[in-house]
Amino acid sequence: MRDYSATQSDGGGCTPCCQVCVFAFTAFLLVAERTALIYCFVYYLWVGHNYCYAYLAGFTALFLLPGWFPQWLSYLWYLSDGRISRKSLRWTHILHLGIFKRLWECMRLPDEDVYSEIMQQADVSALRLFEALVVTLPETLLHTYVLICTDIGVKSPASVCFAVCLLSLAWALVLYARACSLIRPGHLQMTPAAILCRLLWRVSMLGSRFAVLMLFTRIFQQWVLGVIGVHWLGATFWMVSQQTNIIRSTSRWRLFNLVLGAVHIFLFLNVKYGQSRYRMAGFYLVMFLENALLLLASSWLFAMVSWDTVGIPAAVFCSFLIGVIALVLYYRFLHPKSFEIFQSIRHRGIGGACMQRGSTLSLEEKVAPSFHRHATLSGGGTLMDLPIQWEGWKHHHWLLIRLALKTGDVSRIWSAYGEGGLAGLMGLSEEVHSPDVHRVPRVCCSPELKASIIRDSSF
């Protein structure tokens, strides 16, 4: 049986110093991104000599407004955790320092409670990804447009802003993947080589995608909205066809699929339980064909051979190829379970190692029979017997666990973590004993959680 205790894996993983470097680099990228955006805004206002610069300045400021949503969500999550008073939080988030505060907490010495440390890192990683999708991605797209579709040129601050925003967006995706790896059973750290490989994969894929869309925009202008709309519609139907069960509410599930469809216009984000290589291969095959068609449509209209007709398309395809190579290298050599992935591809005839019960690529790990799987609450019953209206099931940590494991099936999640894992991540302390010991294992929780359980059980 694989040990899914709270002890972190050290083999090849990040040391505490490496962890500090990860979050310090995240904070540095945030500062660099904000500085570059402010500088571009001032540049467009003061250096601009026509109305086009005013529009660019306006859009640069406009795309910063959604940054309030991650701050508001961070504020609510702090209140939900009950770790800091309301007054000390308000101005921190009004000044847009909520994520910086969380990064600072993650950079401090590790807590004695490893579960709490894992969920703190998951909180800031999820919030940073949310901020990157609603702020950094539109800003990157805008400054790609500035570089390709206007005469401002690569020597302007727009080129620096594009590079910083692209790196920041890719890093947010890597940070979130690292957090998911920590949340999953085993709590595996991502090695520095794996982090760099994933970063190269994301930067290359995103850079080629943004460049293709803006090259098409330069020729066909508003027709790019039709291309984006068709891709959004197709990606949304694709997400619906996967029938993910992370979100149970019908209305929220539909919204979830719409949002993911929009995200898949630019990047791949796996949210489906099970093997993902075929979905990923299909996504990038469609992306490659779409990029090729858009490049051909935007290049053949040029009358002469130039950098625009040859150099830029070649650079775009090279960027995409580098991304594919980085992706293959990561899943072949640097993924925590790369050996089992490779073996399952080679030996498909024996039933697929990934989906066999007991495989470390499956969430359903074998559990030793000498332990009780279901601990009991102090008031009787097990953790799985908690009423559906219990506030703990609505906690953001429960959402992050479902997103990391890519399933909303409680029994499957419970089976994945075994003894004490789920209770620890949910903020409950669970004791598990051998059947030879005449004690009943218990889940101990705070008075607030106990009151919530008793109150909700009465409905």
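Any idea how many residues of segment 132-152 are surrounded by fewer than 20 Cβ atoms within 10 Å (Cβ to Cβ) and assigned to a loop (DSSP other than H, G, I, E, B)?
2
If I ask for residues that are in contact with a Ser or Thr (Cβ under 7 Å, 6 or more places away or on another chain) and at pLDDT below 95, which ones from segment 146-177 would you list?
Across segment 146-177, the qualifying residues are Leu147, Cys149.
Quick check, is Asn257 assigned to a helix (DSSP H, G or I) and within 20 Å of the chain's Cα centre (by Cα)?
yes
On the given criteria, is Asn257 at pLDDT below 95, over 17 Å from Ser208 (Cα atoms) and touching a Ser or Thr at 6+ places or on another chain (Cβ under 6 Å)? I'd like the intermediate steps shown before the answer.
Numbers: at pLDDT below 95: no; over 17 Å from Ser208 (Cα atoms): yes; touching a Ser or Thr at 6+ places or on another chain (Cβ under 6 Å): yes.
Considered against the rule, which asks whether it is at pLDDT below 95, over 17 Å from Ser208 (Cα atoms) and touching a Ser or Thr at 6+ places or on another chain (Cβ under 6 Å), Asn257 comes out as no.
Only one of (1) farther than 20 Å from Ala404 by Cα; (2) under 18 Å from the mean Cα position of the chain (by Cα) is not met by Lys87, so which one is it?
If we test Lys87 against (1) farther than 20 Å from Ala404 by Cα; (2) under 18 Å from the mean Cα position of the chain (by Cα), just (2) comes out false.
Of all residues being part of a helix (DSSP H, G or I) and over 15 Å from the mean Cα position of the chain (by Cα) in segment 262-279, which is surrounded by the most Cβ atoms within 10 Å (Cβ to Cβ)? Just the residue, please. Quick ask: steps written out before the conclusion?
Filtering segment 262-279 down to residues part of a helix (DSSP H, G or I) leaves 262-263, 277-279.
Narrowing further to those that are over 15 Å from the mean Cα position of the chain (by Cα): 277-279.
Details: Arg277: 12, Tyr278: 9, Arg279: 16.
Here the residue is Arg279.
Does Met119 meet the test of being at pLDDT below 95, within 30 Å of Gly421 (Cα to Cα) and surrounded by 22 or more Cβ atoms within 10 Å (Cβ to Cβ)? Break it down into steps so the answer makes sense when it comes.
Working: at pLDDT below 95: yes; within 30 Å of Gly421 (Cα to Cα): yes; surrounded by 22 or more Cβ atoms within 10 Å (Cβ to Cβ): yes.
In short, yes.
Please enumerate the residues belonging to segment 35-53 that are touching a residue at least 40 places away in the same chain (Cβ under 8 Å) and small (Gly, Ala, Ser).
Within segment 35-53, Ala36 is the sole residue that qualifies.
Being modelled with pLDDT under 85 and either surrounded by 14 or more Cβ atoms within 10 Å (Cβ to Cβ) or in a helix (DSSP H, G or I) (or both), is that true of even one residue in segment 56-68?
no
If Val230 meets every condition in (1) touching a Leu at 6+ places or on another chain (Cβ under 9 Å); (2) in a helix (DSSP H, G or I); (3) of a type in the set (Val, Ile, Thr) apart from one, which number is that one?
Failing condition for Val230: (1).
Out of all the residues in segment 284-291, is one or more at pLDDT 95 or above, farther than 26 Å from Ile148 by Cα, assigned to a helix (DSSP H, G or I) and outside the structural domain of Leu400 (by TED's automatic domain parsing)?
No, segment 284-291 contains no residue that is at pLDDT 95 or above, farther than 26 Å from Ile148 by Cα, assigned to a helix (DSSP H, G or I) and outside the structural domain of Leu400 (by TED's automatic domain parsing).
Please work out if His143 is touching a residue at least 60 places away in the same chain (Cβ under 8 Å), within 23 Å of Ala262 (Cα to Cα) and out of contact with any strand residue (DSSP E or B) (no Cβ under 8 Å at 6 or more places or on another chain).
Spelling it out, His143 is indeed touching a residue at least 60 places away in the same chain (Cβ under 8 Å), within 23 Å of Ala262 (Cα to Cα) and out of contact with any strand residue (DSSP E or B) (no Cβ under 8 Å at 6 or more places or on another chain).
Looking only at segment 236-258, decide whether some residue is over 30 Å from Asp409 (Cα atoms), surrounded by 15 or more Cβ atoms within 10 Å (Cβ to Cβ) and among the β-branched types (Val, Ile, Thr). Talk me through it step by step, then tell me what you get.
Taking segment 236-258 as the starting set, the residues that turn out to be over 30 Å from Asp409 (Cα atoms) are none.
No, that holds for no residue.
Among the listed residues Arg252, Arg248, which satisfies the condition of being among the basic types (Lys, Arg), in a helix (DSSP H, G or I) and out of contact with any helix residue (DSSP H, G or I) (no Cβ under 8 Å at 6 or more places or on another chain)?
On inspection, the qualifying residue turns out to be Arg252.
Just checking, which of Arg218, Arg198, Arg178, Arg209 is among the charged types (D, E, K, R), in contact with a Cys (Cβ under 9 Å, 6 or more places away or on another chain), in contact (Cβ under 8 Å) with a residue 12 or more places away in the chain and in the same structural domain as Glu290 (by TED's automatic domain parsing)?
Arg218
Look at Ala27 and say whether it is assigned by TED's automatic domain parsing to the domain that holds Leu137, at pLDDT 95 or above and more than 20 Å from the chain's Cα centre (by Cα).
It is false that Ala27 is assigned by TED's automatic domain parsing to the domain that holds Leu137, at pLDDT 95 or above and more than 20 Å from the chain's Cα centre (by Cα).
Within segment 105-147, count every residue that is among the polar types (S, T, N, Q) and over 22 Å from Leu173 (Cβ atoms).
1
The values are calculated or read from the model by the stated rules, or taken from the named source; none is laboratory data. Given the structure is predicted, the values throughout are model-derived calculations rather than measurements. Note: ideal-geometry Cβ built from the backbone for every residue, glycine included; neighbour counts use all protein chains shown.
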